[in-house]
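Visitor: Here it is, the structure, as structure tokens.
The values are calculated or read from the model by the stated rules, or taken from the named source; none is laboratory data. Model, not experiment: these values are computed from the prediction. Here Cβ is always computed from backbone atoms with ideal geometry, including for glycine, and neighbour counts include all displayed protein chains. Ligands, DNA and RNA are excluded from the accessible area calculation, which covers all protein heavy atoms including side chains. Shrake-Rupley method; radii C 1.70, N 1.55, O 1.52, S 1.80 Å.
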Protein chains: 4
Amino acid sequence: MEVASGLAAVAKGFHARGWLLGTSGNLSAVVQREPLRLAMSPSGVDKGELRPEQLLSIDENGKIVSAHDGKPSDESLLHLRIVKDRGAAAVLHTHSVWNTILSDLYASEGGVTIEGYEMLKGLQGVRTHEHTEFLPIIENSQEMPALADRVGQTLSKYDGAHGFLLRRHGLYSWGQTLAEARRHIEILEFLLETMGRTLRIKGKTS
Amino acid sequence: MEVASGLAAVAKGFHARGWLLGTSGNLSAVVQREPLRLAMSPSGVDKGELRPEQLLSIDENGKIVSAHDGKPSDESLLHLRIVKDRGAAAVLHTHSVWNTILSDLYASEGGVTIEGYEMLKGLQGVRTHEHTEFLPIIENSQEMPALADRVGQTLSKYDGAHGFLLRRHGLYSWGQTLAEARRHIEILEFLLETMGRTLRIKGKTS
Amino acid sequence: MEVASGLAAVAKGFHARGWLLGTSGNLSAVVQREPLRLAMSPSGVDKGELRPEQLLSIDENGKIVSAHDGKPSDESLLHLRIVKDRGAAAVLHTHSVWNTILSDLYASEGGVTIEGYEMLKGLQGVRTHEHTEFLPIIENSQEMPALADRVGQTLSKYDGAHGFLLRRHGLYSWGQTLAEARRHIEILEFLLETMGRTLRIKGKTS
Amino acid sequence: MEVASGLAAVAKGFHARGWLLGTSGNLSAVVQREPLRLAMSPSGVDKGELRPEQLLSIDENGKIVSAHDGKPSDESLLHLRIVKDRGAAAVLHTHSVWNTILSDLYASEGGVTIEGYEMLKGLQGVRTHEHTEFLPIIENSQEMPALADRVGQTLSKYDGAHGFLLRRHGLYSWGQTLAEARRHIEILEFLLETMGRTLRIKGKTS
């Protein structure tokens, strides 16, 4: 229940910032590893009003094992892949104006390169602002198993990445705790907004 | 009373986001179909402070049938038209900075074409981001019966549209439930802001 | 006390929107006409934390008549001029990013012309979006009696204006009630932001 | 404890404005001068959820003297330098999108020149909008003792400055009271945003 309350609080905060409008986005956190039980936000619910008891419990195949009528998000497969491949304890997915814009603007380059910002130090394992973070961009798709495979390949290819973008869709990040996942989202959203606003003054130079 | 509380909560949330400033905008929801009774926000009230008991009850001609001294918005006729033509259960009308800007910028094209965004999937009946949403723009007017007729023609011509813009005025959307109407507004506001901010980086290309 | 509570609530709301940062701005409302008693926000107080009992009572010359140690804002003279010349019951003065920018950008033209927006209809006495509102810009100064005279001349010259800008300083508006004054500020702030953001897409054309 | 509650309240407010996202930024206030005891925000804590009892007490060398397991921010040395060199009672450090952008854009000029804005009058000792504030920009570094020395040299060279920027990192300001420090941050953030948005309309002219 503590996990569910934590997810609901994060959802409410992100909704207030405009990162989860229109029931978009989804959130999950590991409740138990063996066998895997993931608390997962239901599909189609206003994230500003998500209540802890609405969180679904799903197994490693994305099947609901709690007594809920709702259905899990189609993107549960992506959450499960990240939990398995990264050993993450929490996965958060936001739709913000700025992540949507940059996921499109940098699509032809395969990702967004972020470097030289102090804010990067808040990403797990990063010790200096001289870090280079490459946020891969994956083409959007409604074929979830195929998309989950591309996510898996991307996580493997960019094994230091703290998140990725789905083109014209949104941002995924994760952490070893829910607090770390939230911190990663706040940092990446901040940096994408900073880069987007800088582009408008200086033009796209990278 | 539940309908009225729901409308007041939506009004408060949208006011906080700056979409209903200066007593602008209005909200309605069907309380009863036969004969039609619509709960309608009164004219000239601060939407951040709208109380459930202030919602007017109007009939199919826009006449107040509740014991209120207030007057309904001039735009009640547009709400009634949408309720009848679309079978909507709730109609929401917002004045945001971004919907005002895009309603003017795309007026010569007759509407805004939105396509390729995942966020579109939150619109009722849309299954893929490859959807093309055309948001028609109607020239603004103070002649309400004539404007209601143009709204009716527009709804008929663009029968798949989930909303429309009044030029330099605002956005209308609706839903089969109040939650659906709110979701539609949040999605369309998000997409208009995303397109507006993209325009500033890339220029207007469509 | 009701007047003071109302002013404190408006201050809190505007501070949250970033229109009264850093103890900037000030608010007043008429408590009594004969002799004139104006409830006035004290100088140097955080507007997000203004308490009703902190409101000063000043007379027609700006002298404090309540038992307060604080001092009234230097700009009390401007409030008093507006109360007298316009018969206003409330005067509000905000420092927003957008009003600061436009007060500078349009200074050489003597004011900002706003026309064709539905939002204008929320200004007292305006019946159609075809209204033209001219918001005069007055050069900023620290010489309060002289500035109050220029405000008086401006109010007289533009007798239909619902507000004015001080260059690189802020917006003044007022109303026959506190609610009307608040509505006017929200509308003018909305329109200045809309025009400012439009400028960035289309360039300055007027 | 009052100092700690005050810092927690400021942290919560600034987090809501997006100036302390992702556990970034830090805050301190003097509890006692002889020997020096500084209440300091711990490293890695979400500033929107900072509780008074989490504030560390550090001595003049940055060593924790309270019974806490947490560690102080690496930047404690900068806070201590400001407290000593300026006689400040509170030091606040924010990471906002706009201060990050301008700290980079003006780095080659050594700082940002801000002049002619009424908002400047809220800075301690400033009596007119004709004031010129030069906000020095210091190159970012992870070598804290060396960076603290550069901060000391900068404070000495620009002895009238009310704050400084670390490049691509953030803003520092301070005050003789916590309220004054908060006011200074709000004013400088407002002015940096105003200048940044103006740049996008007029281009960089200074």
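Visitor: Within the stretch C:134-154, name every residue whose backbone N is under 13 Å away from a label modeled 7 Å from Cα of C:Leu36 along the Cβ vector.
Guide: C:148-149, C:152
Visitor: Moving on. Can you give me the angle between helix C:76-86 and the longest principal axis of chain C, using Cα atoms only, in degrees from 0 to 90, rounded to the nearest 10?
Guide: 70
Visitor: Kirkwood Rh, Cα Rg: Rg to Rh for the stretch A:48-206?
Guide: Across the stretch A:48-206, the Cα-based Rg/Rh ratio is 0.98.
Visitor: Moving on. If you put a point 7 Å past Cα along the Cβ direction, how far is that point for C:Gly160 from the same point in each other copy, in nm, smallest first?
Guide: Result for C:Gly160, in nm, nearest copy first: 4.6, 4.6, 6.5.
Visitor: At B:Ser43, with labels set 7 Å past Cα in the Cβ direction, how many nm apart are the copies from this one, shortest first?
Guide: 4.4, 4.5, 6.3
Visitor: State, as an integer percentage, the relative contact order of chain D based on alpha-carbon contacts under 8 Å between residues 6 or more apart.
Guide: Relative contact order of chain D: 20 percent.
Visitor: For a label point 7 Å from the Cα of A:Gln124 along Cα→C-beta, name the residues of the stretch A:22-42 whose backbone N is under 16 Å from it.
Guide: Only A:28-33 pass the distance filter.
Visitor: To the nearest 10 square angstrom, how much accessible area does A:Glu130 have with a 1.4 angstrom probe?
Guide: About 140 Å², rounded to the nearest 10.
Visitor: Convex hull over the Cα atoms of the stretch C:39-109, averaged projected area in nm²?
Guide: The Cα convex hull of the stretch C:39-109, projected and averaged over all directions, gives 6.1 nm².
Visitor: 222 nm [θ] for chain D, helices only, -39500 (n - 2.57) per DSSP H run of 4+, per residue, to 500?
Guide: When only DSSP H runs of four or more count, the value is -11500 deg cm²/dmol.
Visitor: Mind checking the full-extension length gain between B:Lys12 and B:Ser43? Use 0.36 nm per residue of separation minus the Cα-Cα distance, one decimal, nm.
Guide: Between B:Lys12 and B:Ser43, full extension yields an extra 9.6 nm.
Visitor: Let me ask another. Return the loop-located GluC sites (Glu not before Pro) in the stretch D:36-124 (DSSP other than H, G, I, E, B) with at most 15 other Cβ atoms within 10 Å of their own Cβ; answer none if there are none.
Guide: Filter output for the stretch D:36-124: D:Glu60.
Visitor: Another question, if that's okay. At most 14 other Cβ atoms within 10 Å and a DSSP loop assignment: could you name the trypsin sites (Lys or Arg not before Pro) in the stretch B:34-73 that fit?
Guide: Sites meeting the loop and neighbour criteria: B:Lys63.
Visitor: Follow-up question, since we're still on this one. Is there a pair in A:Lys202/D:Lys12; C:Lys47/D:Lys84; D:Lys12/D:Lys71; B:Lys47/D:Lys47; A:Lys12/D:Lys47; B:Lys12/D:Lys47 whose C-alpha atoms are over 22 Å apart, and which pairs would that be?
Guide: Violating the 22 Å Cα-Cα cut-off are A:Lys202/D:Lys12; C:Lys47/D:Lys84; B:Lys47/D:Lys47; B:Lys12/D:Lys47.
Visitor: Okay, moving on. Mind ranking B:Arg197, A:Arg127, A:Arg33 by accessible surface for me, highest first, 1.4 Å probe?
Guide: Highest to lowest solvent-accessible surface, that is A:Arg127, A:Arg33, B:Arg197.
Visitor: C:Gly125 label points, 7 Å along Cα→Cβ, one per copy: pairwise distances from this copy to the rest in nm, shortest first?
Guide: For C:Gly125, the other copies' label points sit at 4.8, 4.8, 6.8 nm, shortest first.
Visitor: Setting aside same-chain residues fewer than 8 positions from D:Lys63, which aspartates and glutamates have a Cα under 17 Å from its Cα?
Guide: Straight-line reach from D:Lys63, under 17 Å: D:Glu34, D:Asp74, D:Glu75.
Visitor: Specify, for chain B, the residue whose C-beta is closest to the rotation axis mapping it onto chain C, with the distance given in whole Å.
Guide: Rotation axis B onto C, closest Cβ, rounded to whole Å: B:Arg200, 4.
Visitor: Is the protein assembly as shown rounded, prolate or oblate when judged by the Cα gyration tensor, a ≥ b ≥ c being the square roots of its eigenvalues, rounded requiring a/c under 1.5 and prolate requiring a/b larger than b/c?
Guide: In terms of gyration-tensor shape, oblate.
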